[in-house]
Amino acid sequence: MKFKAVILLGTLIAATVSTIMFMRFSNDHKECHTTIKRVTNVKGKTVTVQEHVCKEKYNI
């Protein structure tokens, strides 16, 4: 009985660590950048528009 509990606990820990490592190293959110555009509107005022652009494979 105790041996099965140790095996189960080890499996759960290994699965948790594997999941955390996968999420950390496959996170391609680092490829994001902010683009700033300056546009003149109809009234002649300059408007600054910021856009957050990401190239992500996964959206977790």
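We did not get these values from a lab; they are worked out from the coordinates using the rules stated. The model shown is predicted, which means the values in this text are computed figures rather than measured ones. Cβ atoms come from the backbone with ideal geometry, glycine included; neighbour counts cover every protein chain shown.
Note on region 7-48: residues that are surrounded by 10 or more Cβ atoms within 10 Å (Cβ to Cβ) and part of a helix (DSSP H, G or I) amount to 19. The requirement of being free of Cβ contacts under 8 Å to residues at least 40 places away in the same chain and within 16 Å of the chain's Cα centre (by Cα) is not satisfied by THR48.
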